[in-house]
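Report on the structure given below.
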Amino acid sequence: AAASARRICAGAPLVARWHKHWVHRLTHDRPLSEAEKRSAFAFLDTEDYREGMQAFFDKRKPVFKGR
């Protein structure tokens, strides 16, 4: 559990927040709305996503800022 917590904390803060939101949302027994489906891709517009992709291509560790 401690290793998992460290891995989550080392990752992008927005990802942890969104995962927590989606786990909570999917416990409700109703289909996702169109707006919820679109919002699932909001990460593509973040600075952290661009940093993660650039770090991957540069073969370096990303520096996330929560934006």
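Principal semi-axes of the equivalent ellipsoid, √(5λ) from the alpha carbon gyration tensor of the chain, are 25, 17, 8 Å from largest down.
A cut-off under 13 angstrom between Cβ atoms defines the neighbours of Asp58, and their net charge, with Lys, Arg +1 and Asp, Glu -1, is +3. In the chain, the DSSP-assigned H stretches of four residues or longer account for a calculated mean residue ellipticity at 222 nm of -17500 deg cm²/dmol, using -39500 (n - 2.57) per stretch and the full residue count as denominator. At the residue level, Leu26 shows approximately 110 square angstrom of accessible surface with a 1.4 angstrom probe and all protein chains present.
The values are calculated or read from the model by the stated rules, or taken from the named source; none is laboratory data. Quick caveat: nothing in here was measured; it's all calculated off a predicted structure. Virtual Cβ from ideal backbone geometry, glycine too; neighbours counted across all protein chains shown. Side chains are part of the model used for accessible areas, which takes the heavy atoms of the whole protein and leaves out ligands, DNA and RNA. Shrake-Rupley method; radii C 1.70, N 1.55, O 1.52, S 1.80 Å.
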